[in-house]
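These notes concern the structure reproduced below.
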Amino acid sequence: MKHITLYGAGGHCYAVIELIRSLGEYIPTLVIDHDPREGSILTIPVSKNEDHAPETACITIGDNAIRKRISRSIEADFPTFIHESVVQYPSVSIGKGTVVLPLALLDAAVSIGDFCIINNSATISHNVALENYVHIAINAAIAGGVKIGEGTLVGAGAVINPEINIGKWAIIGSGAIVTKDVPDHAVVYGNPAVVKRYTNE
Ligand SMILES: CC(=O)SCCNC(=O)CCNC(=O)[C@H](O)C(C)(C)COP(=O)(O)OP(=O)(O)OC[C@H]1O[C@@H](n2cnc3c(N)ncnc32)[C@H](O)[C@@H]1OP(=O)(O)O
């Protein structure tokens, strides 16, 4: 098995370690974190060593902006990891460094960019397009034809109505029902979701 280095020792790291182990092609051997709080995660040592230059890496950070910054600072191969329980059609495309966690569903002609996170039980319907660094959280439901811009977080259990356009670096709150387009950097939540503020990212 090939070795892989993980970047980021937070909660998302636990999920990705188990995902990679379950697939059996790579063996996670080191977690790099600039501020390690634990000596190891699921038996893998955590180190601050920023000079480490791995051949193969995965960025295990849930924060989309930090994931983007780190992805640009590392020269490595970034495999795509898809749990074996994920349901997907051949017309689905998925970029490098993206992880798709257990029980997600990817319908016809779904397009997913680089370094995205598709979390447990997310449902992504036909013709949905996600740009790079998007995170679709647990149990979110994205209806047909939705477009989501770079770096946006769709929170746990949120529902996005068909054909909605969501901008870049937006945050859709958990449980939101999104019935209208969402501008770049907007933080929206509620039913129906409304803009509450804007992010700086
Ligand atoms: C594997 C995983 O864990 S995936 C998890 C992915 N992460 C998520 O799903 C979390 C997404 N984030 C959220 O939902 C956040 O609550 C946000 C971004 C919508 C709001 O965050 P903040 O701007 O910090 O709001 P804050 O926590 O200060 O709350 C402000 C008010 O909005 C309410 N509120 C916060 N989030 C929501 C929400 N999702 N829906 C409805 N109301 C909300 C709060 O109760 C609070 O109300 P109050 O003023 O009456 O007390």
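Read-outs: derived from the displayed coordinates by stated rules, not from any lab. Given the structure is predicted, the values throughout are model-derived calculations rather than measurements. Neighbour counts are summed over all protein chains in view; Cβ atoms, including those assigned to glycine, are modelled from backbone coordinates with ideal geometry.
The table for this structure:
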quantity	calculated
All positions within the stretch 92-126 that are among the hydroxyl-bearing types (Ser, Thr, Tyr), out of contact with any Leu (no Cβ under 7 Å at 6 or more places or on another chain) and in a loop (DSSP other than H, G, I, E, B)	THR98, SER125
Hits in the stretch 109-125 - residues which are β-branched (Val, Ile, Thr) and without any contact (Cβ under 8 Å) to a residue 40 or more places away in the chain	VAL110, ILE112, ILE118, THR123, ILE124
The listed residue being over 18 Å from ILE66 (Cα atoms) and in contact with an Asp or Glu (Cβ under 9 Å, 6 or more places away or on another chain), out of LYS180, LYS96, LYS147	LYS147
Residue tally, condition within 19 Å of ASN119 (Cβ to Cβ) and surrounded by fewer than 17 Cβ atoms within 10 Å (Cβ to Cβ), over the stretch 18-65	6
Unique match (being more than 30 Å from ASP77 (Cα to Cα) and free of Cβ contacts under 8 Å to residues at least 40 places away in the same chain) among VAL146, VAL194, VAL128	VAL194
Scan of the stretch 115-128 for residues that are under 14 Å from the mean Cα position of the chain (by Cα) and surrounded by fewer than 20 Cβ atoms within 10 Å (Cβ to Cβ), ordered by number	ASN120, SER121, THR123
Selection from the stretch 136-195 of residues that are basic (Lys, Arg), assigned to a loop (DSSP other than H, G, I, E, B) and within 16 Å of the chain's Cα centre (by Cα)	LYS168
